[in-house]
Every structure is written in C-alpha cells, then in structure tokens.
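What follows is one structure encoded as structure tokens, with my remarks underneath.
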Amino acid sequence: MEQNLSGYKIFYEVASCGNISKAAKKLYISQPAISKSIVKLEDGLETKLFKRNSRGVTLTDEGAMLYEYIKEAFESINTAETELRRIKEFNIGHIQIGASTTLCRYILMPYLQRFMEQYPNIRVSIVTQGSAQTLALLDSRKLDLGLAAEPKSVHAELHIRKPMQIHDIFVATPQYLENLRSICGPDFQIFEEANLMLLDQNNMSRRYIDEYFKETGIEPIQILEVSTMDLLIEFAKVGIGVSCVIREFVQEELTKGTLVELPLPAPIPPRNIGFIFNPSNTSKSLNCFLETLDTE
C-alpha cells in the first residue's frame with residue numbers, strides 16, 4: 001500500500017461527511033491538516049478525488065470508485081474489531097482436534113462433553129484420521145490438539161498430556177473358535193488356520209502389530225484388511241474371524257463372553273495414547289481444553 005493508512009482514513013471520513021469541517025471535528029484534527037492530507041493523497045495517486053463547492057466537497061468519478069473500496073475495507077476492519085471484542089467478552093474461540101473415529105468414540109467423547117459444558121461458546125472442529133496423519137498435522141500446526149498413539153520416533157516439539165496405556169489383543173467369538181476346532185482339530189494354529197482381520201498397513205496400530213509378528217516369528221496366512229477399529233470389533237462379533245483390537249475398547253464384550261481373548265506365544269507390549277499438542281502453537285481455546293483434562 002503506497003499511501004499511509006491514516007490518509008485513507010481521512011479520505012473516507014471527508015467523503016462520508018461531505019465536508020472537511022465536519023470530518024475535522026469527527027477526527028479531532030485541524031482543517032488545514034485534513035486539507036494537506038487530501039492533497040498528499042491526490043498527489044500520490046495522481047488523481048483528483050474531490051470537487052470543492054460552497055457546501056463542502058463532493059467526490060469525482062475516480063474518488064467515488066476509490067471510496068467504495070475504502071468503505072468496504074474499513075467496514076471489514078470494524079467487523080473484525082467487533083468480532084474480537086465479542087470473542088473476548090463471551091470467551092468465544094475455536095479449537096481443532098484430530099483423532100481416529102475409534103478414539104473419538106471410546107476416549108474423546110467424555111472429555112469433549114465436559115469441555116463443552118464448561119465452555120459452550122468455544123467452537124470445536126473434529127478432524128478424523130489415523131494417528132500418523134494426526135501427528136503430521138500437529139507438526140505442520142494445522143491442528144491444535146490430537147488424540148493419538150504416542151509415536152515411537154521422537155517428536156521433541158510435541159508434548160503429550162493425559163497418557164493412557166492400551167493393550168492390543170486378538171479376539172473371536174466362542175462359536176468361531178469352536179468351528180475352527182471342528183474343522184482343523186483341537187490343536188489348530190490361530191495364525192495359520194483362522195481368518196485374521198487387521199487394520200490396513202498405513203495404520204500405526206497395524207505397523208505396531210506387524211513388528212510384533214516379526215519379532216515373534218509369526219507369519220499369518222489369511223489376512224483381511226479393514227479400515228477402522230470399529231469394523232474389526234463388529235466383524236469379530238458376527239463371527240467372521242479373529243480380530244486384532246484394543247482390549248479397553250471391548251471390555252464389555254469380554255466380560256459378557258461375547259468375545260474371547262486368545263492366548264499368544266508372547267504378550268504384545270502395551271503402548272500409550274494421549275492428547276498431543278505443539279506448545280509453540282497454543283491458543284486460549286487449547287489452554288481451556290488442557291485445563292479441562294487436568295481437572296478430571
């Protein structure tokens with residue numbers, strides 16, 4: 001912008017008032033100072049903006065065109081200032097949270113409900129994707145907060161709050177296991193005979209299980225890939241096969257006996273999930289959410 005913003009502000013008020021004297025009173029500036037500013041603006045734009053008459057001033061065609069744009073600009077500034085005051089007065093803000101659909105359902109919901117009860121004027125956006133994508137968005141500061149698996153590689157710039165331990169297990173219905181015994185004999189090998197259902201290979205949980213297979217020398221024969229943990233749980237419940245799921249997410253089914261946890265040659269090491277954020281990308285809304293986590 002070649003001209004000083006104050007020059008455009010003076011131009012805007014003079015054009016709105018149609019009179020230099022009225023504009024001077026409104027701006028608390030002397031009339032000579034206003035006249036000097038208008039001349040400077042006209043010289044800089046190399047365009048006559050006002051025509052003077054006995055009643056005051058009127059805009060030239062070029063001045064009228066400029067006035068429409070300047071009017072729109074200052075109205076936008078006024079709107080922005082009003083919105084900022086409203087946000088400050090009513091504690092209105094916005095927070096973007098990233099999480100998988102499964103973590104949203106089993107972990108995020110109670111925290112989100114409590115947060116909304118305490119801060120009803122803060123707008124919440126949920127971005128659903130896997131943990132790897134959530135971490136990438138946090139790294140690039142496109143999310144305020146992520147509920148995700150704690151990464152194995154060090155993300156020095158990311159902090160985790162409210163870490164929770166989860167346990168990967170393999171489950172099936174009692175009927176599915178009975179069918180395997182009747183077909184393959186009592187000493188059947190789960191990973192060789194069963195229809196094994198896993199998350200797709202792009203998922204962090206799947207990569208974690210693949211590492212477990214490699215370390216224990218397990219080589220599954222029949223694998224069905226599924227996009228979400230919810231589907232793994234539902235497919236296991238209807239007896240399609242053996243699913244790798246999170247124990248904490250099927251505790252009710254295990255208690256009722258709807259699903260059975262299968263013994264493994266070696267336990268799968270537990271891992272952590274938690275609320276992850278970039279401390280260099282904080283906001284008032286994020287701090288409010290973190291305070292909600294801490295006051296549980």
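The values are calculated or read from the model by the stated rules, or taken from the named source; none is laboratory data. The model shown is predicted, which means the values in this text are computed figures rather than measured ones. Heads up, the Cβs are rebuilt from the backbone with ideal geometry, glycines too, and the neighbour counts pull from every protein chain shown. Just the protein is used for accessible areas: all its heavy atoms, side chains included, with ligands, DNA and RNA removed. Shrake-Rupley method; radii C 1.70, N 1.55, O 1.52, S 1.80 Å.
Points worth noting:
- Number of the condition not met by F188 [criteria: (1) surrounded by 13 or more Cβ atoms within 10 Å (Cβ to Cβ); (2) in a loop (DSSP other than H, G, I, E, B); (3) in contact (Cβ under 8 Å) with a residue 24 or more places away in the chain]: (3)
- Looking only at the range 54-89, and only at residues there that are modelled with pLDDT under 85 and not in a helix (DSSP H, G or I), the one that is nearest to N19 (Cα to Cα): G56
- Under the condition of being in a helix (DSSP H, G or I), under 26 Å from the mean Cα position of the chain (by Cα) and at pLDDT 90 or above, the residues counted in the range 245-286 number 3.
- Test: residue in the range 15-32 that is modelled with pLDDT of 90 or more, within 15 Å of M65 (Cα to Cα) and not in a loop (DSSP other than H, G, I, E, B): yes
- Any hit, the range 226-234, residues being at pLDDT below 95, in contact with an Asp or Glu (Cβ under 7 Å, 6 or more places away or on another chain) and closer than 18 Å to Y106 by Cα: yes
- Of all residue pairs spaced 6 or more apart or on separate chains, those with beta-carbon atoms under 8 Å, a first member in the range 50-66 that is closer than 17 Å to A24 by Cα and a second member that is of a type in the set (F, W, Y) and open to solvent by less than 60 Å² (accessible area, probe 1.4 Å) are V57/F50; T58/F50.
- Subset of the range 27-74 [within 14 Å of Y12 (Cβ to Cβ) and of a type in the set (G, A, S)]: S37, G63, A64, A73
- Being closer than 29 Å to G241 by Cα and modelled with pLDDT of 95 or more holds for only one residue in T216, T173, and it is T173.
- Qualifying residue in the range 88-95 (condition: among the aromatic types (F, W, Y) and under 30 Å from L232 (Cβ atoms)): no
- The single condition among (1) farther than 24 Å from A132 by Cβ; (2) in contact with an Asp or Glu (Cβ under 6 Å, 6 or more places away or on another chain) that D187 does not meet is (2).
- Taking the range 222-253 as the range and being of a type outside the set (A, V, I, L, M), within 11 Å of V171 (Cα to Cα) and in contact (Cβ under 8 Å) with a residue 60 or more places away in the chain as the test, the residues that pass are K237, G239, G241, S243, C244, R247, E253.
- All positions within the range 28-49 that are touching a residue at least 12 places away in the same chain (Cβ under 8 Å) and either open to solvent by 40 Å² or more (accessible area, probe 1.4 Å) or over 22 Å from A73 (Cα atoms) (or both): I29, S35, K40, L45, T47, K48
- Picking from residues in the range 191-240 that are outside any helix (DSSP H, G or I) and among the hydroxyl-bearing types (S, T, Y), the one that is surrounded by the most Cβ atoms within 10 Å (Cβ to Cβ) is T228.
- Boolean, L103 is in contact (Cβ under 8 Å) with a residue 24 or more places away in the chain and closer than 30 Å to R161 by Cα: yes
- For the range 88-146, filtering for residues that are open to solvent by 70 Å² or more (accessible area, probe 1.4 Å) and at positive phi leaves 1.
- For the range 251-277, filtering for residues that are touching a Leu at 6+ places or on another chain (Cβ under 9 Å) and open to solvent by 20 Å² or more (accessible area, probe 1.4 Å) leaves 3.
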